[in-house]
Amino acid sequence: MPNIKVFFTIIFLLLSITVTAQQAPEGTTSELVILNIKSGEQKTILKEVRHFEAPNWSRDGEFLLINSGGFLEKVDLEGNKLGQIQPNKISKANNDHGISFDGKLLVISKSDEGTGSRIYTMPLTGGEPKLITQNHPSYWHGISPDGKTLVYCAQRDGAWDIYSIPTYGGAEKRITTTEGLDDGPEYSYDGKWIYFNSNRTGRMQAYRMKPDGSGTEQLTDDTLDNWFPHPSPDNKSAVIISYMEDQKGAHPFGKDVKLRLLNVQTKEIRDLTQVFYGGQGTINVHSWSPDGKWVAFVRYQKP
């Protein structure tokens with residue numbers, strides 16, 4: 001019987017290893033939305049007939065960061081487009097990007113000529129991107145609250161696992177070794193946990209573990225495909241994106257999904273949205289507002 005990890009590796013590669021493979025059909029409408037966690041109120045910030053993805057909320061709460069066509073863009077909360085970030089230095093970026101807890105450092109994943117995705121850092125105010133991961137493919141998802149460590153999903157020797165590396169470069173460290181795909185690692189605000197998703201049981205579910213990889217705890221256990229748990233600023237909950245159908249270890253674009261709020265202590269889950277057209281690009285990376293009242297996401301409309 002074929003090794004299950006090899007099977008999921010092949011599927012994941014085919015569906016999400018390059019920026020090109022993630023693009024939506026021409027004529028797709030993208031809608032940047034902020035959602036109030038308590039009231040359920042939704043505000044559309046930007047709606048355009050083009051493909052953009054993966055909002056990050058700036059740490060000062062002043063703008064949202066999205067990617068489109070390999071470039072990073074800033075959009076304020078009124079929907080005003082503030083321009084691309086260093087377009088002469090940042091291109092071919094994918095939807096795994098974010099900002100350090102102190103708001104000073106930008107972390108991006110992008111593909112270079114002849115390589116898969118690798119991770120770079122640079123000052124948010126501008127400067128030279130610094131290559132952090134020599135190995136590829138590497139997809140960034142989290143940074144520690146003290147800014148010293150990056151965590152990411154990477155394929156090494158045919159296996160997709162979670163790794164860490166010093167923020168300013170050094171040797172990478174493998175954190176997970178369990179059969180199946182491990183993805184979406186993200187530090188809690190108190191630095192005590194790394195949240196992630198894994199299909200180690202045969203279905204994609206949300207988990208958390210201590211930063212050294214010990215103490216793994218399964219947080220969801222249902223029939224949905226649960227991806228990218230983003231822990232809240234108060235460390236009490238996490239927002240997840242749930243596919244309505246089994247995606248066989250992938251997280252493709254253009255599927256029926258909904259956002260849900262997970263209580264990380266009781267493991268109770270409640271819906272934040274109705275089912276909508278989304279998936280890849282909706283909420284890949286951390287998108288909580290600094291005050292913990294809102295999350296940003298992207299939903300799509302078919303051409």
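Looking at (1) under 21 Å from the mean Cα position of the chain (by Cα); (2) at negative phi; (3) in a loop (DSSP other than H, G, I, E, B); (4) surrounded by fewer than 19 Cβ atoms within 10 Å (Cβ to Cβ), can you tell me which one Gly61 breaks?
Here Gly61 clears every test but (2).
Just to check your reading of the model, which residue among Arg174, Arg156, Arg203 is over 25 Å from Leu131 (Cα atoms) and either touching a Ser or Thr at 6+ places or on another chain (Cβ under 6 Å) or not hydroxyl-bearing (Ser, Thr, Tyr) (or both)?
Arg203
Run down Arg208, Arg118 and say which single residue is closer than 30 Å to Lys255 by Cβ and either among the aromatic types (Phe, Trp, Tyr) or in contact (Cβ under 8 Å) with a residue 24 or more places away in the chain (or both).
So the residue among Arg208, Arg118 that is closer than 30 Å to Lys255 by Cβ and either among the aromatic types (Phe, Trp, Tyr) or in contact (Cβ under 8 Å) with a residue 24 or more places away in the chain (or both) is Arg208.
List the number of the failed condition for Gly170; all other conditions in (1) out of contact with any Phe, Trp or Tyr (no Cβ under 9 Å at 6 or more places or on another chain); (2) closer than 21 Å to Pro233 by Cα; (3) not hydrophobic (A, V, I, L, M, F, W, C) hold.
(2)
Here are the criteria: (1) surrounded by 20 or more Cβ atoms within 10 Å (Cβ to Cβ); (2) farther than 20 Å from Ser164 by Cβ; (3) within 15 Å of the chain's Cα centre (by Cα). Tell me which single one Pro252 does not satisfy.
(1)
Taking the options Thr121, Thr115, name whichever one is on the phi < 0 side of the Ramachandran plot and at pLDDT below 95.
Thr115
Which numbered condition in (1) surrounded by fewer than 23 Cβ atoms within 10 Å (Cβ to Cβ); (2) touching a Gly at 6+ places or on another chain (Cβ under 7 Å); (3) of a type outside the set (Asp, Glu); (4) on the phi > 0 side of the Ramachandran plot is the only one that Phe228 fails?
Among (1) surrounded by fewer than 23 Cβ atoms within 10 Å (Cβ to Cβ); (2) touching a Gly at 6+ places or on another chain (Cβ under 7 Å); (3) of a type outside the set (Asp, Glu); (4) on the phi > 0 side of the Ramachandran plot, the lone unmet condition for Phe228 is (1).
If I filter segment 172-195 down to residues being hydrophobic (A, V, I, L, M, F, W, C) and closer than 16 Å to Leu219 by Cα, which single residue comes out as surrounded by the most Cβ atoms within 10 Å (Cβ to Cβ)?
Once the filter is applied, the top-ranked residue is Ile194.
One residue is enough: does segment 41-53 have a residue meeting the conditions closer than 22 Å to Pro129 by Cβ and not hydrophobic (A, V, I, L, M, F, W, C)?
Checking segment 41-53: at least one residue is closer than 22 Å to Pro129 by Cβ and not hydrophobic (A, V, I, L, M, F, W, C).
Considering only residues that are surrounded by 15 or more Cβ atoms within 10 Å (Cβ to Cβ) and more than 19 Å from the chain's Cα centre (by Cα), which ones fall in segment 125-149?
Within segment 125-149, Pro129, Asn135 qualify.
Name the single residue, out of those in segment 150-171 being free of Cβ contacts under 8 Å to residues at least 60 places away in the same chain and part of a loop (DSSP other than H, G, I, E, B), that is surrounded by the fewest Cβ atoms within 10 Å (Cβ to Cβ).
Asp157
When the residues of segment 85-100 are filtered to those that are of a type in the set (A, V, I, L, M) and not in a loop (DSSP other than H, G, I, E, B), which remaining residue is surrounded by the fewest Cβ atoms within 10 Å (Cβ to Cβ)?
Going through the qualifying residues, I end up with Ile99.
Could you list all residues from segment 64-84 that are in a loop (DSSP other than H, G, I, E, B), under 22 Å from Glu113 (Cα atoms) and without any contact (Cβ under 8 Å) to a residue 24 or more places away in the chain?
Gly69
Quick one: how many residues across segment 102-115 are in contact (Cβ under 8 Å) with a residue 24 or more places away in the chain, under 23 Å from Asp161 (Cβ atoms) and more than 18 Å from the chain's Cα centre (by Cα)?
The qualifying residues number 0.
Considering only segment 249-270, I want to know if a residue exists there that is among the charged types (D, E, K, R), part of a loop (DSSP other than H, G, I, E, B) and under 23 Å from Asp96 (Cα atoms).
Checked segment 249-270: no residue is among the charged types (D, E, K, R), part of a loop (DSSP other than H, G, I, E, B) and under 23 Å from Asp96 (Cα atoms).
The values are calculated or read from the model by the stated rules, or taken from the named source; none is laboratory data. Note that the coordinates shown come from a computational prediction; the quantities given were computed from them, not determined experimentally. No Cβ is skipped: glycine too gets one built from the backbone with ideal geometry, and neighbour counts run over all protein chains shown.
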